[in-house]
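> Take this structure first; my questions come after.
The values are calculated or read from the model by the stated rules, or taken from the named source; none is laboratory data. All of these numbers come straight from a predicted model, not from anything done at the bench. Neighbour counts run over all protein chains shown; Cβ positions are idealised from the backbone, glycine included.
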Amino acid sequence: MDFEELKFGIEPPSNSWGLIKEITLICENSGYDSLWIPDHLANFGIRRFDALEAWSLASALSVLTKKIRIGTGVSDTYRHHPAVLAQMAVTCDVVSNGRAFLGIGIGEAMNLVPYGINYDKAVGKTREAVTIIRKLLKEDDVTFEGKYYRLKNAFVQPKPLQENLPIYIAANSPKTLKMAGELGDGWIPASMTPREYKEKLKELRSIAKKAGRSKEEIEPGLFTYCVIERSYESALKLAKIPVKMYLLSRPRILEELGYDPPSYDFEATFKLTMNKENAKKLLEAAKQVPDEAVEKSPVIIGDPDTVIKKIEEFAKAGVKHFAMCFFVNPDRLRETCLYFADSVIRYFKG
């Protein structure tokens, strides 16, 4: 198998402009291929909940870079009308000289519930929004009569510099997977095991084929968390609390690993909202998650050799583009990004 064609992206931190800018320049200069900016109103955290607006960041960072592709990981379609989201993506594409991409998902409670933003009929609304965005990126006169959106003689100008500005769809569930297979240029699920990924990718390609599409039209990606250290033991030690908190926000993963979640109150898509009180409750609940669940989780944990082996397993399952999010304190993020590039990306790309 040719691993040299693998792509590696990074999700920058929801932190200060200075740190985001520094991580972006590290990404630009050390072999990463893409930057996946989290599109949040509130950050997932314990004490810090900073969240700068994603598309403003994307365009600003585009001015500072020349090579990496830049987009969101991922945007929902409730906080912005799809025409406005299309305009944001086009703006970034023009500013970046044709390096933008758009990641879209069905949303998370932390960005919606506290602000009174309605996200019922999530999949149906998102499907229509993706269809509208695609039309606006390509067509000069769009009239659309849908269940949730109506446009008449609408357009977005200028058009993207790219002939096809890629739309990546975050999809783990059957309904969102169908949307990705029928409408996406890329598939970017989160936190799957290699076995699950292989099965879902086969299903995705079957959906695409039924829709008259070829498998080459959809890039298989994976959003994955990672803790990399010089020894497996030190990586596991650092991973325990953040991974347990993450598993509580995705209770389906705990169930698939054979554990009963100690609580369903922190499910990210529909329930979890972030503030200091809820963060404290989440931290306390995380302590009830068994330690062995961390090692069994889809999070990539270990020394470079272990991380490389796990990435190879995912690559054999079909992943071609990894979007990495490093579970590490901000003061160690620079070192971690460089260490991953030097020990892992260099291994695959030479």
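> Among the residues of the stretch 1-36, what is the count of those that are on the phi > 0 side of the Ramachandran plot and β-branched (Val, Ile, Thr)?
Adding up the residues that qualify gives 0.
> Would you confirm whether any residue within the stretch 40-49 is of a type in the set (Gly, Ala, Ser) and modelled with pLDDT of 95 or more?
No, the stretch 40-49 contains no residue that is of a type in the set (Gly, Ala, Ser) and modelled with pLDDT of 95 or more.
> Where residues in the stretch 94-126 are among the charged types (D, E, K, R) and over 19 Å from the mean Cα position of the chain (by Cα), which of them is nearest to Glu139 (Cα to Cα)?
The residue in question is Lys125.
> Scan the stretch 56-77 and tell me whether some residue there is of a type in the set (Lys, Arg), farther than 21 Å from Gly221 by Cα and at pLDDT 95 or above.
yes
> What number of residues in the stretch 123-149 are surrounded by fewer than 20 Cβ atoms within 10 Å (Cβ to Cβ) and among the small types (Gly, Ala, Ser)?
2
Residue by residue, here is whether (1) on the phi > 0 side of the Ramachandran plot; (2) surrounded by fewer than 17 Cβ atoms within 10 Å (Cβ to Cβ); (3) out of contact with any strand residue (DSSP E or B) (no Cβ under 6 Å at 6 or more places or on another chain) holds:
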site	(1), (2), (3)
Phe49	no, no, yes
Leu57	no, no, no
His80	no, yes, yes
Gly107	yes, no, yes
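> Of the residues in the stretch 319-337, how many are part of a loop (DSSP other than H, G, I, E, B), of a type outside the set (A, V, I, L, M) and either without any contact (Cβ under 8 Å) to a residue 12 or more places away in the chain or crowded, with 20+ Cβ neighbours inside 10 Å (or both)?
2
> Same structure, new question: Hey, among the residues in the stretch 90-105 that are over 12 Å from Asn164 (Cα atoms) and among the hydrophobic types (A, V, I, L, M, F, W, C), which one's surrounded by the most Cβ atoms within 10 Å (Cβ to Cβ)?
Across the stretch 90-105, the extreme among qualifying residues is Ile104.
> Any idea how many residues of the stretch 13-29 are part of a loop (DSSP other than H, G, I, E, B) and within 19 Å of Pro166 (Cβ to Cβ)?
0
> Which residues, counting only those in the stretch 30-53, are assigned to a loop (DSSP other than H, G, I, E, B), of a type in the set (A, V, I, L, M, F, W, C) and touching a Ser or Thr at 6+ places or on another chain (Cβ under 6 Å)?
Ala51
> Give the residue, chosen from Glu284, Glu292, Glu313, that is out of contact with any strand residue (DSSP E or B) (no Cβ under 8 Å at 6 or more places or on another chain), farther than 17 Å from Lys244 by Cβ and part of a helix (DSSP H, G or I).
The match here is Glu313.
> Where residues in the stretch 163-172 are out of contact with any helix residue (DSSP H, G or I) (no Cβ under 6 Å at 6 or more places or on another chain) and either within 13 Å of Thr91 (Cβ to Cβ) or surrounded by 13 or more Cβ atoms within 10 Å (Cβ to Cβ) (or both), which of them is modelled with the lowest pLDDT?
Restricting to residues being out of contact with any helix residue (DSSP H, G or I) (no Cβ under 6 Å at 6 or more places or on another chain) and either within 13 Å of Thr91 (Cβ to Cβ) or surrounded by 13 or more Cβ atoms within 10 Å (Cβ to Cβ) (or both), the top hit is Asn172.
Residue-by-condition table, conditions (1) modelled with pLDDT under 90; (2) surrounded by 20 or more Cβ atoms within 10 Å (Cβ to Cβ); (3) farther than 26 Å from Phe340 by Cβ:
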position: Val243; (1), (2), (3): no, yes, no
position: Arg252; (1), (2), (3): yes, no, yes
position: Glu255; (1), (2), (3): no, no, yes
position: Pro262; (1), (2), (3): no, no, yes
position: Asp265; (1), (2), (3): yes, no, yes
position: Thr273; (1), (2), (3): yes, no, yes
position: Ala285; (1), (2), (3): yes, no, yes
position: Val289; (1), (2), (3): no, yes, no
position: Pro298; (1), (2), (3): no, yes, no
